[in-house]
Amino acid sequence: MRVTLTVNGERRELEVEARRTLADALRENCRLTGTHLACEHGVCGACTVLVDGEAVRSCLMFAVQCDGREVRTVEGLAGADGTPHPLQEAFSAEHALQCGFCTPGFLMLAAGALQEDPSIADDPDRLRELLTSNLCRCTGYESIRRAVTRAAGELAGGAS
Amino acid sequence: MKPTAFEYFAPRTVEEVVAALAGGDTRVLAGGQSLVLEMNYRTVRPARLVDINRVAEFTGLDAGDGVLRVRPLVRHRAFERDISAGPLGRLLSSVVHNIAHPPIRARGTMLGSLAYAHPAAEWPAVATALDAQLDLTGPDGTRTVAAEAFFAGPFDTVRRPEELLSEARLPLLPDRAGVGFVEHRRTHASFAQLAAIAALTVRDGVIDWVRLGLVNAAERPVRAHAAERALLGQPADAGTLTGAARVAGEQDADPREQPHASAGYQRHAVGVLVRRALEAAVRDAGAVGDGR
Amino acid sequence: MAQRAGGDDSEFTRRAADGGSAPSRREDARLVRGAGCFVADLLPEDCLEVVFVSSPVAHGEMGAVDVDDARRMPGVAAVWSAADLPAVPQTPPMLGITASAGRAWPALAVDRVRYVGQPVAIVLAADRYVAEDARDAVRLDISPLPVLLDPTDAAGSEVELFLGMPNVAVEKEYGDPIDPAVWRDAAVVVEGNYRQQLLAHTSMEARAILIRPEDDDGLTVWCSHQAPHRLRGDLAAALGLPEERIRVVVPDVGGAFGGKSETYPEYLAVAVAARRLGRTVRWVEDRAEALTGPPHGRGQNQRTRMAADADGRILAYELTIDADVGGYPHLGAFVPLNTSVMAAGAYQIPRVHVQTRCVVTNTAPTSPYRGAGRPEAATAIERTVDTLARRLGMDPAKLRQRNFIRPDALPYRTPTGFQYDSGDYPAALALAMRTVDYDGWRAQQAQRRRTGTGAPLGIGICSYLERSGNAWEFGSVEACPDGTYLALSGCCSTGQGHETSFPQVVASVLGVEPELIRLVEADTAIVPRGIGSYSSRSMQTGGAALHRAAGALMEQARGRAAESWAVPIEEVTYRAGTVSAGQRRVSLADLAAATGPLRADEVFEPPQAAPYGTYIAVVEVEPELGTVSVLRLVAVDDYGVVINHVIVRGQSYGSIAQGLGQALYEQVRYDPDGVPETRSLLDYLIPTLSEVPPVTLREMCTPNPNTALGAKGAGEAGCIGAPAAVINAVVDALDLDDPSAIQMPLTPFACWQARQPALAGAGR
């Protein structure tokens, strides 16, 4: 089937089987391999991307469902000039990654949430609920929480 | 973990959806958060998928005529916000935070959850406890089934393959109702091991209306009739709540052995959870009564 | 610095938040941009995807494998079972483990299957979707045989999993048998039965391998692995190729935790397929396959016995282990031996006797899992010590202090034959007690018990000792003419940040900026020798090798300069990348440009080290449902000299989360037919952020006396210390007299069941 996606601002026309997941379409058809597959059943969140601004599991959506929609992946998180997103800087600064396999999913999860409501990081319970969405086997999560809080501060500072 | 091949339809009208379902071996794709999981494991291998996400009539959520109408494309996350339905809104929003995680809630739908009938899912027990009415639309039109009669067993409902669950109507609760929801789970990545839903009203210290539901306490979602009977007309005190909770565990629950919970433990835990849900509901009702 | 989220008082938090104390990791720049390169991210043109048809039966006799329908499917390049191959390679035995002899693990099952998930046929197709379609079209004919799932049962069973061979694959004894009089005459003897459940490694990236056949009949292999040179050697041996024809490259690895140090049958099958078809072939394991295993970790039935005098001086300790090594004894058969050697923990016990059996069963083969034998050892002795304390009516901290090996007794050789190097075990316990406010919690516990209010509260201690590092490692440092330095290491980062920390080691020796040093590892074409990363060995051994190589490079530069300036070497001094003598002075870069390559290679084999520490957990057990809440966890670790504190603390924290996973949530379950039940992450539960309690990390530093660098192993301690601390705390909270009444994972049900009266009595 023919599918048109806008991925990180770029229009992509793909010919895919109906059964091809969005994750595989991004990774294999678009060759955007920053989106990782770690469980393929929606639990771990490594494949999280933004579809029309909303964080979703790309392993649980078919590419055909995204026809005509905007998709943002980790490759589209930095600015057009390559300036890292505050979340990317914060993850590094807070040592919020070790092997880095889950990192793109956490980044997109947090990017979607902060975009929708930057105040989420001010509320420990909401932040906890958000970051409980994804799994990491290396860090024990504390540094991830710190990183998202730090990035939220940066984003708020930049806005004021 | 890749799905088997299927034909994909994305109709725009209810009629087209119904026509597509009549083709046989067809599954409805709304949120897909359970369906695609199963397809990735190949435990479900439909020949055709009907993606209903482009059917405009299926969006929307509105309260009126004493009910909250929920259509097929209402995502779980809609209930995170105040849906302006008084105590029902409070109940649904306290339940919804226990359903998976924000990205799953952004896609998954309440009606999809009802149709899927996972024994550990929260919405089927909410619908059963509150006596929701469910519309099934098929080639011969629409029929309405009460939630309690809808669920036939684990992953099994009375919906016929050619029918679509097209609307759920949840009765709005009395304004002065108090609500409570308590869930027990092993981790935040697991399904509920058990959960209890309570809604009640208290007049002059006496419980004069109550709805009690149990999640994962039997092969189907349970409305705890025996425990409700033990509450109605009784004083809203600790003795009543504890006694009724025990009744829920001993009579209403019909648990199966689980890997990390014997049937005996589950009966005991149902009692604990029901008591806590009732206590929360009584507190909530008190807060309403105090003019919140 | 911005305010941090509340609810956390971790030292780790404060230190990492200081900012500037450690530079960002070099690895991060690509990983946070999605520009990392894991095996599945390599997308060569015309690559075939592999899917395995695996056994759905745990033990059975194989009939014909019908692959005809699968072969006919469009897009399918090949489908082969063992019967279709002229020769079926076997996984080479690892670490000289003799248990494999006569119990070969073939690339594809021959005659018999011995665990669910064992590869029976290989499917190759242009696309993974099609490959799975073809997999489902293969028909198997397997006649089930009796299934053995428990190692103790299997050891005593008439059923032979390998015909004509015992199910006990390895039987070993450490220390001398204890005279029955010791038990008879001791004031107190306690016993315990403990189960180390099977765990799934659950690295976020599962196994993955990509193989490209080369024109010279050789292979280039990209694999998510911990030990590239070992993989090269194994592939060469199994395929009958010279090692130099095989190049193994390990790109970014998405976690390993011990499960990626082996050569699995799937890898051999992929290699065979690539060679037969002359095509690039990859296998990217999915989560359903990964959770089915192999590998699994742990899996021991333990019996302990401990004798003490009336003052609590431990007189003897006996440990008996039946270890589950799964369907084929492989690297998992090494792990229980690690447990055995470490049995005595941090205590001066005159008599220690360990009997260990590694037993084949019909579970998936086991392998090392983070901690690899030491968590099993620590849990056994630390639970037993707590039981002894209860029996004596003595505070468990006091009992430990009474029995610790004193600092001045180090180095100390245990009755099991292992030598502990250096440290101060009593001080680690004392620091942990101060940090957690041990006396305060004990007072609160006493008050709750006295008044019958509040949830049952427990405090649990684990004073662990591990052994880290083994064998040699290669390190090399070269001064390049462009002013940079090239460091090569035989280690292999799987998320530990070697690109950042190894240059720090070299830079500190050379007195130059770390930015000038580039690390290359995990490519057998560039790194001539190496072993890899496991046993917490990278910094202790690989870092020490680099440390020596950097020193040797300085000497080489001095010698080279002395020669070209015709002065005695004693007159040449090295400082910050330059050598000088009198007025003459040259940078190493210019010296290399002028006189030829300046490079020092080192192979270094320090003895194993003995990092140690004490973990204290404070828990509440919810009185009605049995849910365990960890209120506090304090970890005191002594890793010797730490090169990069942020990296080490990060690993400590993550390791603790995994240890909590074992204690509270994780368990691979099989049904009675040997079919794994935990095939999704909704069933196999690893901790989420909401499960990780406040953790306080404290470090001590007793340098490794056996290396100039001074580092001991780091990275696994959390998995070793946390489980026993938590389980001792739960046993304490529930006031259990029978220590064997509860086993991991400590689910709400397990806690409720272990001590219903205590729960029923507390609270309401």
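The values are calculated or read from the model by the stated rules, or taken from the named source; none is laboratory data. Note that the coordinates shown come from a computational prediction; the quantities given were computed from them, not determined experimentally. Neighbour counts are summed over all protein chains in view; Cβ atoms, including those assigned to glycine, are modelled from backbone coordinates with ideal geometry. SASA here: full protein model, heavy atoms, side chains in, ligands and nucleic acids out. Shrake-Rupley method; radii C 1.70, N 1.55, O 1.52, S 1.80 Å.
Averaged over the residues of A:14-25, the number of partner chain Cβ atoms lying within 10 Å of the residue Cβ comes to 4.
In loop segments of the range C:158-253 as defined by DSSP, the GluC sites (Glu not before Pro) with at most 16 further C-beta atoms inside 10 Å of their C-beta are C:GLU158, C:GLU160, C:GLU214. Taking all protein chains as shown and a probe of 1.4 angstrom, C:GLU45 keeps an accessible surface of around 140 Å². Sequence-distant contacts, meaning Cα pairs under 8 Å at least 6 residues apart, place the relative contact order of the range C:416-491 at 17 percent.
Annotation: C:TRP472 carries an accessible surface of approximately 60 Å², with a 1.4 Å probe and no ligand, DNA or RNA atoms counted. When you count the other C-beta atoms within 10 angstrom of each residue and take the mean per peptide, C:320-326, C:668-674 line up highest first as C:320-326, C:668-674. Sequentially through the range C:474-484, phi angles give Karplus couplings (6.51, -1.76, 1.60; θ = phi - 60°) of 9, x, 8, 10, 10, 8, 9, x, 8, x, 9 Hz, Gly and Pro residues having no value and appearing as x. Taking every DSSP helix (H) stretch of at least 4 residues in chain A, weighting each as -39,500 (n - 2.57) and dividing the sum by the residue count yields a mean residue ellipticity at 222 nm of -9500 deg cm²/dmol. Taking θ as phi - 60° and the Karplus parameters 6.51, -1.76 and 1.60, the scalar couplings of the range B:75-84 work out to 6, 3, 5, 4, 7, 5, 7, 5, 9, 6 Hz in sequence order, x denoting glycine and proline.
Using C-alpha pairs under 8 Å with a sequence gap of at least 6, the mean separation divided by the residue count of chain A gives a relative contact order of 24 percent. Cα extents for the range A:12-53 along the principal axes, largest to smallest and rounded to whole angstrom: 28, 22, 18.
Over all other residues within a Cβ to Cβ distance under 12 Å of C:TYR267, the charged ones net out to +1, with Lys and Arg as +1 and Asp and Glu as -1.
Between C:TYR485 and C:CYS480, C:ILE517, C:ARG518, the built amide H atoms are under 5 Å apart, and every one of these is 5 or more places off in sequence or on another chain. Neighbouring Cβ atoms from other chains, within 10 Å of the Cβ of residues in B:225-237, number 0 on average. Near C:ALA29: Cβ cut-off under 11 Å, other residues only, Lys/Arg at +1 and Asp/Glu at -1. The net charge is 0. Note on the range C:481-619: with charges restricted to the Cβ of Lys and Arg (+1) and Asp and Glu (-1), its dipole about the Cα centre is near 140 debye. Ignoring lysines fewer than eight residues from C:LYS260 along the same chain, the ones with Cα atoms less than 27 angstrom from its Cα are B:LYS2, C:LYS172, C:LYS712.
Summarising the overall dimensions of the range C:555-701 from its C-alpha atoms, the Rg and Dmax are 27.5, 84 angstrom.
Note: relative contact order over the range A:86-159, using C-alpha pairs below 8 Å and six or more positions apart, is 51 percent.
Among DSSP beta bridges whose residues both lie in the protein assembly as shown, state the antiparallel percentage, nearest 5. For the protein assembly as shown, the DSSP antiparallel bridge percentage is about 80.
Computed log10 I(q)/I(0) for chain C at 0.10, 0.11 Å⁻¹: -1.04, -1.22, from the Debye equation with unit scatterers placed on every C-alpha and solvent omitted.
Ranked by the mean number of other Cβ atoms within 10 Å of their residues, highest first, the peptides B:94-100, C:569-575, C:629-635 come out as C:629-635, B:94-100, C:569-575.
Peptides B:214-222, C:683-691, C:179-187, C:426-434, ordered by how many other C-beta atoms sit within 10 Å of their residues on average, highest first, read B:214-222, C:683-691, C:426-434, C:179-187.
With contributions of -39500 (n - 2.57) from each DSSP H run of at least four residues, the per-residue ellipticity at 222 nm computed over chain B stands at -9000 deg cm²/dmol. Residues whose amide H comes within less than 5 Å of that of B:ILE83, counting only those at least five positions distant or on another chain, are absent (H built at 1.01 Å from N in the peptide plane). The convex hull drawn around the Cα atoms of the range A:2-76, when projected onto a plane and averaged over every direction, covers 4.1 nm².
Using a probe of 1.4 Å on the protein chains alone, the accessible area found for C:GLU677 is around 80 Å². Distant-in-sequence amide contacts of A:THR21, defined by a placed amide H-H separation under 5 Å and a gap of 5 or more residues or a different chain, comprise A:ALA63. Compactness ratio for the range A:86-159: Cα radius of gyration over 2.2 N^0.38 Å (N = residue count) comes to 0.97. Quick one: plug the Kirkwood hydrodynamic radius of chain A (C-alpha pairs) into Stokes-Einstein at 25 °C, 0.890 mPa s, and report D in µm²/s. Estimated via Stokes-Einstein, D reaches 156 µm²/s. Expressed as a whole percent, the accessible surface of the range A:86-159 that belongs to carbon and sulfur atoms is 47, based on a 1.4 Å probe. Remark: mean inter-chain Cβ contacts per residue of C:674-687 equal 5, using a 10 Å Cβ-Cβ cutoff to other protein chain atoms.
Max-minus-min Cα coordinates of the protein assembly as shown on each principal axis give 103, 76, 74 Å, with the largest extent listed first. Taking θ as phi - 60° and the Karplus parameters 6.51, -1.76 and 1.60, the scalar couplings of the range A:41-52 work out to 9, x, 8, 8, x, 4, 8, 4, 9, 9, 10, 6 Hz in sequence order, x denoting glycine and proline.
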